[in-house]
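Have a look at the structure below before the remarks.
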Amino acid sequence: MLTKLHSTHQNNGMLGADSEFVTCRGLKIAVLDVTPEMAADWLGMPSKNRRVRQNRVREYVAAMQRGEWRLNGEAFKFDARERLVDGQHRAIAVVQSDVTITSLVIVGVESDAFDTMDSGDVRQAADVLDIHGHANTAVIASAARMILVYDWYGDFQSVANRVKPSKHLILQTVESYPALHNSVSRARPLHSFRSGKALFTALHFLFSTIDGDDADAFFDRLATGTGLTDGDPILLLRERMFANAASKTKMQTNDTAALTIKAWNAFREGKRIRQLRYTTGGASPEQFPTIN
C-alpha cells in the first residue's frame, strides 16, 4: 500500500533509516524529505550521471523557490551501492535553492539501467493544459510562456541562460487569465503573416491589459486593412508583415514583437509615421519598446 511509503527523514544515514523503506522485488522504496544537506551528500558520492545542464538546474531552482515542486512520482534513483544514478539535476537544484522537497527515493536500481532512464516522451505544457480541459493548447501554452518572459525580462527573446517558465506556472497563467482564449481568436485572422499565432495571441492579450477596445480595433485593422491610409502605423506594420511572409529570411520573433509594439504605441498616440523600424545593431542599438 502506497501509504506505507510516507515518512519523515530523521537524518539517520545518507539515505535515511532502513525503517523508512519498504522492499519490493529487490528495490528499497521510500518517500523522504530531501534537504539541501542530504542532496549535497548524494552529489558527493561517485556516480555515472550525465553532463550537468545548467539551464535545467536554473528552471528547477526557480520552481522550488516559487513553491511549485510537488511529490509527483519522479524518483531519486540509487544503485545497490547507493550511488545516485538518476536525479542529479534535481539534487543540484535542492542545494542551490536551499529548499527541502519531498520526493520518492528508490535504492537498488541496476547499474546498467542508466541508458533506459528518461527515454519516454516528456510531457509538454500543452499536454498539461489539455489534461486540464483547455482548447488550442499549443498556441495558448506558447503565448502564456511569451507573456511570462515579457513580464520577467521586458522582451520576447529566447536566450539560453534565462530561466524558462515552468509547466505549472504556464498552467497557472492560463487559468488566471481566461481572456487568453479570446486573444487566440483575435490573432487567428493574422495567419497570412506567417509569424506565429502564439506571438500575436500574446501581444493581443498584453495590449488588452492597456485597453481592450483599442486592442480589438488594432488587430481588426491589421487583419483586414480596412480604413488604413498613408502614414498609418498599422498600415506600415501590415506591409512589413506581408513582406516578411514573402521573404526567404524571416524576422526573429523578438523583432516582429518590437515592430508590432511600436505600431501599437503610435496607434494609441494617434501618430502618423513615415517608417517603422527596429534597429538592434550598429553604434546605437534600440532598447526593446515598452507597451504603452
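Tabulated data
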{"read-out": "Built amide H within the under 5 Å cut-off of residue 85, gap 5+", "value": "77, 78, 79"}
{"read-out": "Selection from 184, 196, 206 lying farthest towards where the dipole of region 125-269 points positive, charges on Cβ", "value": "196"}
{"read-out": "Three-way shape label, region 198-292, alpha-carbon gyration tensor, a/c 1.5", "value": "rounded"}
{"read-out": "The chain: antiparallel DSSP beta bridges as a percent of all, rounded to 5", "value": "65 percent"}
{"read-out": "Sorted peptide list for 28-37, 72-81, criterion being average Cβ within 10 angstrom, highest first", "value": "28-37, 72-81"}
{"read-out": "Burial ordering of 284, 176, fewest other beta-carbon atoms within 10 Å first", "value": "284, 176"}
{"read-out": "Fewest-first sequence of 274, 90, 53 by Cβ atoms within 10 Å of each Cβ", "value": "274, 53, 90"}
{"read-out": "Gaussian network model of the chain, Cα within-10 Å springs - most flexible of 227, 212, 44", "value": "227"}
{"read-out": "For the chain, convex hull volume per residue from C-alpha positions, Å³", "value": "170 Å³"}
{"read-out": "Length-normalised contact order for the chain - Cα pairs under 8 Å, 6+ apart - percent", "value": "13 percent"}
{"read-out": "Debye, to nearest 20: dipole size of the chain, +1 on Lys, Arg Cβ, -1 on Asp, Glu Cβ", "value": "920 debye"}
{"read-out": "Relative contact order computed over region 125-269 (Cα-Cα under 8 Å; 6+ residues apart), in percent", "value": "22 percent"}
{"read-out": "Cα-based helix-to-principal-axis angle, 233-246 vs the chain, degrees rounded to 10", "value": "60 degrees"}
{"read-out": "J(HN,Hα) series, region 195-207, from Karplus relation 6.51 cos²θ - 1.76 cosθ + 1.60, nearest Hz, glycine and proline x", "value": "10, x, 5, 5, 4, 5, 4, 4, 5, 4, 4, 5, 4"}
{"read-out": "Computed Rg/Rh of region 125-269, alpha carbon atoms with Kirkwood Rh", "value": "0.97"}
{"read-out": "Whole-angstrom gap from region 215-243 to region 136-192, using each part's C-alpha centre", "value": "23 Å"}
{"read-out": "Exposure proxy ranking, count of Cβ atoms within 10 Å, fewest first, for 69, 264, 152", "value": "152, 69, 264"}
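Each reported figure results from applying straightforward, stated rules to the coordinates on display, with no laboratory input. Just so we're clear, the structure is a prediction, and the values are computed from it rather than from any experiment. Heads up, the Cβs are rebuilt from the backbone with ideal geometry, glycines too, and the neighbour counts pull from every protein chain shown.
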